[in-house]
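Note sheet for the following structure.
The values are calculated or read from the model by the stated rules, or taken from the named source; none is laboratory data. Not measured: the values here are computed from a predicted model. Methodologically, a virtual Cβ is constructed for each residue, glycine included, from the backbone with ideal geometry; neighbour enumeration extends over all protein chains shown. Calculation scope for accessible area: heavy atoms of the full protein, side chains included, ligands and nucleic acids excluded. Shrake-Rupley method; radii C 1.70, N 1.55, O 1.52, S 1.80 Å.
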Amino acid sequence: MAPSGSRSIKRGCQRVLYWIPVLFIALIVAWSYYAYVLQLCIVVYLLVYHVVFIMFVWAYWQTIFTKPMNPLKEFHLSHSDKELLEREDRGESQQEILRRIAKDLPIYTRTNSGAIRFCDRCQLLKPDRCHHCSVCDKCILKMDHHCPWVNNCVGFANYKFFMLFLLYSLLYCLFITATDLQYFIKFWTNGLPDTQAKFHILFLFFSASMFSVSLASLFIYHCWLVCKNRSTLEAVRSPVFRHGTDKNGFSLGFSKNFRQVFGDEVKYWPVPVFSSLGDGCSFPTCLVNLDPEQPSSPTGSNPANKSFMRHD
């Protein structure tokens, strides 16, 4: 077994390495700002450019530094429940204990075998749509994926920010590509003066157009997920309910699915501030055959109502 000092050094090195993709994007954005603002320097374009640039950086910042939300304390095992679970060495006996605890919680999804979803690392019953992130080493509410480009988990707390980050970064790249195109053409027809700007114009167009393609495909995919009210993990593996697998179990129709992520107030939709509905632990479903004895939330309120309240 490695000494604790070696583990600490290894973990510190991993944390530094995780920031490399973020640093790479930051350097690309900083260079693009220099190339566009200082080299091209077209006043009319700069007005629109800075609006898109500010929204892009704001959304990116929010995606990176918004801490993922973890399950409420009601989902964590009490000390007595932990001891009781540890004393049982049979899987079925442990499941009986977990089922007893789960009866007081709004948990409707199960494992593929029909068992209660339990996290050994965090010692908690997983809320619906919650998954354990091996990188963060935490259970993340409505986890979508762990994104190396933001060095953060994308989940309930920052999924709206991630969507806006994709949108504004795509608009940013498309705007640069469109406004730089005429100078790119002049570059190949020798219509540009032989200055340092020629280099930046060439590579600015190439980088912006290439990022536009990848960002467009990723943004379209996540728009589809929002419309279906699915996470990336749920698109890969459909959630399992008591009656079986149902890929559309959380889908409420396009309008309600969209509002689950962006909220009810239209004025907040384009702004990188939190406005998603619910608490991240319970979600309304389209299913009609849920267990009537199962409570809808840790406090006993209806999830359909609770999930459509503003989360402040």
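Cβ-Cβ distances below 7 Å connect the following pairs, each with a first residue in the range 58-71 that is of a type in the set (Gly, Ala, Ser), a second residue that is in a loop (DSSP other than H, G, I, E, B), and a separation of six or more residues or different chains: ALA59/PRO272. Among the residues making up the range 46-87, a single one is of a type in the set (Gly, Ala, Ser) and assigned by the TED database to the domain that holds LYS160: ALA59. Mind counting the residues in the range 115-145 that are open to solvent by 50 Å² or more (accessible area, probe 1.4 Å) and not in a strand (DSSP E or B)? Qualifying residue count, the range 115-145: 5. Among the residues of the range 82-114, those identified as open to solvent by 30 Å² or more (accessible area, probe 1.4 Å), in contact with a helix residue (DSSP H, G or I) (Cβ under 8 Å, 6 or more places away or on another chain) and in a helix (DSSP H, G or I) are LEU84, GLN94. For the range 252-270, the candidate set comprises residues that are in a loop (DSSP other than H, G, I, E, B) and buried (at least 17 other Cβ atoms within 10 Å of the Cβ); within that set, the residue that is farthest from the chain's Cα centre (by Cα) is LEU252. Number of residues in the range 39-81 that are outside any helix (DSSP H, G or I), of a type in the set (Ser, Thr, Tyr) and at pLDDT 95 or above: the value is 1. Could you check, for the range 15-22, whether at least one of its residues is open to solvent by 100 Å² or more (accessible area, probe 1.4 Å), of a type in the set (D, E, K, R) and at pLDDT below 80? No, the conditions are met nowhere in the range 15-22. The single condition among (1) part of a helix (DSSP H, G or I); (2) of a type outside the set (S, T, N, Q); (3) open to solvent by less than 30 Å² (accessible area, probe 1.4 Å); (4) farther than 18 Å from ASN112 by Cβ that GLU234 does not meet is (4).
For the range 28-38, indicate whether the set of residues that are part of a helix (DSSP H, G or I), open to solvent by less than 100 Å² (accessible area, probe 1.4 Å), in contact with a Phe, Trp or Tyr (Cβ under 8 Å, 6 or more places away or on another chain) and at pLDDT 95 or above is non-empty. Checked the range 28-38: no residue is part of a helix (DSSP H, G or I), open to solvent by less than 100 Å² (accessible area, probe 1.4 Å), in contact with a Phe, Trp or Tyr (Cβ under 8 Å, 6 or more places away or on another chain) and at pLDDT 95 or above.
Across the range 271-293, the qualifying residues are those that are modelled with pLDDT under 50 and closer than 23 Å to PHE75 by Cβ, and the one among them that is surrounded by the most Cβ atoms within 10 Å (Cβ to Cβ) is LEU290.
Counting only residues that are open to solvent by 80 Å² or more (accessible area, probe 1.4 Å) and within 30 Å of ILE25 (Cβ to Cβ), the range 55-81 holds 4 of them.
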